[in-house]
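The values are calculated or read from the model by the stated rules, or taken from the named source; none is laboratory data. Computed from a predicted structure; not experimentally measured. All Cβ positions, even for glycine, are placed from backbone atoms using ideal geometry, and neighbour counts span all protein chains on display. Heavy atoms of the whole protein, side chains included, go into the accessibility calculation; ligands, DNA and RNA do not. Shrake-Rupley method; radii C 1.70, N 1.55, O 1.52, S 1.80 Å.
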Amino acid sequence: MPKSSSSSSSSSSSSSSSWSRAGCRTKSSTGCHFSSSSKNRGKRVSIESGNTKRRNDACTAQKRRTPNCFRRSSTTIITRAMVAAVTAAAAAFGASTAGEVENKNKKTRKSNKLPTRMVVETAMLAAMTGLSFHLSASFRLETYLGSLFPLPIVVASARWGDVAAWRTLLVAFLLLTLLSGPLRASNYACLHGFTGLALGMCWKRKFSWVQSVPISALARTIGVFSSLAISSLVIRENVLRLMVQQVYALIDQICATLGATFVPNMTAILCVAFVFVILNSLSYTLILHLVYSIALVTATPDGNFSNAPLKVRRSLGLPSAFMQ
């Protein structure tokens, strides 16, 4: 009896161990009941097999698409290379263009840069002009110094050209505006400034006196009427009309004294006044030509900036070294 029990126990233990190795928790007549771990293991195996199948399918599909992908990537690389080359060429062209523009701008700045000596001389001439005109207007010396007011502008034109003459006139006008007011400044610019500009431009271009005298006289005439117009605007009264009326009254009195029966009308008096202004401008500019021929002897190397005729220079007693 003891031997049979031991053999039965050993057989039961061996059978249980074999069932446990097989993954069964309990033994029954219908079979074995699998544990949850074995079920999970089966699921994992099925999932891994599905993933492996998908990977294989993806690799197969990618192998099939590899030539097209390679073509697309090569086309993209070539396109990008072409774009980069075009961009580099455009950048190089733009850099060269920008360098050329910068060089041109530098040359323009250098050419437009005024010499220091020119600026200093222009400032000194403008200051001398403004102060002399202000003092002469204050002490009523315009009648005696009237022929000297255009001289600084002519000197600036003789030494540095038309730009310096314009700058001298502008600076003198601003200085007189501060010292004497805008009316005096405008009177100087109209009566003397534009005349000096006309003289300087004509002489700088070597015009003969036959050309420069009428041109400067015309500038003087326009300046006279411009000065009258500005004065009329400031005082709100027609100065020219008042002058014509005064002349008409004077002629009427003279005719009444002489017993004349006729009196000229206003239009005739205005025309006569206009003619007298032109004659005055011609005589004034001719005097300026003679005076400045002497004053501007050292303004140019040949000593003849005013382009005076040979007979005039001999009559004025200019040095023989300056004569042709």
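Taking a 1.4 Å probe, which of 284, 144, 292 shows the most accessible area, and what order do the others take after it?
Per-residue accessible area, sorted high to low, gives 144, 284, 292.
Given 0.36 nm per residue, what is the gain on full extension from residue 257 to residue 145 after removing their alpha carbon distance, in nm?
Computed gain between residue 257 and residue 145 is 36.5 nm.
Where only protein heavy atoms count, and the probe is 1.4 Å, what is the accessible area per residue for region 220-324 in Å²?
Using a 1.4 Å probe on heavy atoms only, each residue of region 220-324 averages 64 Å².
How many percent of the accessible area of region 113-217 is carbon or sulfur, using a 1.4 Å probe?
For region 113-217, the apolar C and S fraction of the accessible surface comes to 72 percent.
Quick check on packing: order 237-245, 192-200, 153-161 by the mean number of other C-beta atoms within 10 Å, highest mean leading.
192-200, 153-161, 237-245
Going by accessible area, probe 1.4 Å, with all protein chains left in place, what is the ranking of 82, 118, largest first?
Ranking 82, 118 by accessible area, largest first, yields 82, 118.
For residue 254, what accessible area in Å² do you get when you roll a 1.4 Å probe over the heavy atoms of the protein chains, rounding to the nearest 10?
Ignoring ligands and nucleic acids, residue 254 comes out at about 80 Å².
Can you give me the Rg/Rh ratio for region 178-288, using Cα atoms for both radii and the Kirkwood formula for Rh?
Expressed as Rg/Rh, it is 1.09.
Gain in length, residue 287 to residue 274, computed as 0.36 nm per residue apart minus the alpha-carbon separation, to one decimal in nm?
Here the segment from residue 287 to residue 274 would lengthen by 2.7 nm.
So if R0 is 25 Å, what FRET efficiency would residue 179 and residue 235 give, r being the distance between their Cβ atoms, rounded to the nearest 0.05?
Once rounded, the FRET efficiency stands at 0.75.
Please give the contour-minus-distance gain from residue 311 to residue 211: 0.36 nm per residue of separation, less the Cα-Cα distance, rounded to one decimal in nm.
Length difference between fully extended and current span is 34.3 nm.
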